[in-house]
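Asks: Mind having a look at this structure? Questions to follow.
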Amino acid sequence: MNYTELKALALAYSDREDTEVINRLDDFLKVVEARLSRKLKVGEMSTRSITNTVAGTEYYSLPDDFAGLRDIEIKDSITSTEKTTLKYLTPERSNYYSSVNMPGIYYTLVANQIQLIPAQQDNIMEVIYYKKLTPLSAAAPTNWLSINFPDCYLFGIMTEICAFVKDSESAQLWGARYVEAITEIEYDDKMTRWSGTSLQVTTE
């Protein structure tokens, strides 16, 4: 479903025609998308960012649509098959590692930045991360969630409408369906990633 269809369906379900609710629909949508970007961490949200590291530079900005980290690797060039997976440190622990010569390459997240410990030479940093949902609008009427799981959007919008009009009983009802939809999306993602024959360990 697209942006216009979702808003129309939410109004039909809510059976409300008051101007205040209609004018707030975009705000409700933003709240739903903010909650989903924090909660959902599924394959459809996974993407890759490539950054050229600069000799002596420790800090690099996170992508604007960053919603959670999966993996960071350093390699010599974009085509290199040899890469080093970085190990995570808490910000407090990173202070100690920065002051001593520890083997390996580490990272931490500080003030919306990735800190590399130690600073690298002119290499390639590959970041695999979860990206925020692309917000629905008239200019961007669909995203992967509205196409594949429009019910999740609908239940989220209905939860916000009911909360806004102080209908706590209905808000709880729609909220429960909203949480259930999120759980089903996460389960569907898990089954899609791990479907097929059982994983086996090989010694070769």
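The values are calculated or read from the model by the stated rules, or taken from the named source; none is laboratory data. Source: prediction; values computed, not measured. All Cβ positions, even for glycine, are placed from backbone atoms using ideal geometry, and neighbour counts span all protein chains on display. SASA here: full protein model, heavy atoms, side chains in, ligands and nucleic acids out. Shrake-Rupley method; radii C 1.70, N 1.55, O 1.52, S 1.80 Å.
Asks: Check region 100-108 and report whether any residue there is more than 24 Å from residue 66 (Cβ to Cβ) and at pLDDT 95 or above.
Replies: No: region 100-108 contains no residue that is more than 24 Å from residue 66 (Cβ to Cβ) and at pLDDT 95 or above.
So that you can scan it fast, the table gives a plain yes or no per residue for (1) outside any helix (DSSP H, G or I); (2) open to solvent by 50 Å² or more (accessible area, probe 1.4 Å); (3) out of contact with any Leu (no Cβ under 7 Å at 6 or more places or on another chain); (4) modelled with pLDDT under 95:
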| site | (1), (2), (3), (4) |
| --- | --- |
| 8 | no, yes, yes, no |
| 16 | yes, yes, yes, yes |
| 37 | no, no, no, yes |
| 64 | yes, yes, yes, yes |
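Asks: List, please: which pairs have Cβ atoms under 6 Å, are six or more places apart or on different chains, and start with a residue in region 1-23 that is under 11 Å from residue 154 (Cα atoms) and end with one that is surrounded by 18 or more Cβ atoms within 10 Å (Cβ to Cβ) and of a type in the set (Ser, Thr, Tyr)?
Replies: That search, which allows pairs on different chains as well, returns 1/146; 6/153.
Asks: It is to be established whether one or more residues within region 40-53 are in contact with a Pro (Cβ under 6 Å, 6 or more places away or on another chain) and either part of a loop (DSSP other than H, G, I, E, B) or farther than 30 Å from residue 166 by Cα (or both).
Replies: So far as region 40-53 goes, yes, one or more of its residues are in contact with a Pro (Cβ under 6 Å, 6 or more places away or on another chain) and either part of a loop (DSSP other than H, G, I, E, B) or farther than 30 Å from residue 166 by Cα (or both).
Asks: Hey, could you check region 137-150 for residues that are under 16 Å from residue 37 (Cα atoms) and touching a helix residue (DSSP H, G or I) at 6+ places or on another chain (Cβ under 6 Å) and say which is least open to solvent (accessible area, probe 1.4 Å)?
Replies: Applying the filter and picking the extreme gives 146.
Asks: Ok, one more. Within region 77-89, track down each residue that is part of a loop (DSSP other than H, G, I, E, B) and farther than 14 Å from residue 51 by Cβ.
Replies: First, pick out the residues of region 77-89 that are part of a loop (DSSP other than H, G, I, E, B): 77-82, 86, 89.
If the condition is that a residue be part of a loop (DSSP other than H, G, I, E, B) and farther than 14 Å from residue 51 by Cβ, then 79, 80, 81, 82, 89 are the ones that fit.
Asks: For region 24-35, give me the residue count where each residue is open to solvent by 40 Å² or more (accessible area, probe 1.4 Å) and either among the aliphatic types (A, V, I, L, M) or farther than 18 Å from residue 158 by Cα (or both).
Replies: 2
Asks: Go through region 152-181 and give me each residue that's open to solvent by 60 Å² or more (accessible area, probe 1.4 Å) and touching a helix residue (DSSP H, G or I) at 6+ places or on another chain (Cβ under 6 Å).
Replies: Within region 152-181, 177 is the sole residue that qualifies.
Asks: Could you list, in sequence order, all residues of region 81-96 that are open to solvent by 30 Å² or more (accessible area, probe 1.4 Å) and either touching a residue at least 60 places away in the same chain (Cβ under 8 Å) or over 22 Å from the mean Cα position of the chain (by Cα) (or both)?
Replies: 81, 82, 83, 84, 92, 93, 95, 96
Asks: Further, regarding this structure: Under 28 Å from residue 44 (Cβ atoms), of a type in the set (Phe, Trp, Tyr) and buried (at least 16 other Cβ atoms within 10 Å of the Cβ) - does that describe any residue in region 106-114?
Replies: Yes, region 106-114 contains a residue that is under 28 Å from residue 44 (Cβ atoms), of a type in the set (Phe, Trp, Tyr) and buried (at least 16 other Cβ atoms within 10 Å of the Cβ).
Asks: Now for a different question. Return the residue satisfying two criteria in turn: it lies in region 115-136 and is among the hydroxyl-bearing types (Ser, Thr, Tyr) and open to solvent by less than 40 Å² (accessible area, probe 1.4 Å), and of such residues it is farthest from the chain's Cα centre (by Cα).
Replies: Restricting attention to region 115-136, the residues satisfying the condition of being among the hydroxyl-bearing types (Ser, Thr, Tyr) are 129-130, 134.
Add one more test, that the residue is open to solvent by less than 40 Å² (accessible area, probe 1.4 Å), and what stays is 129-130.
Values: 129: 7, 130: 4 Å.
Taking the candidates together, the pick is 129.
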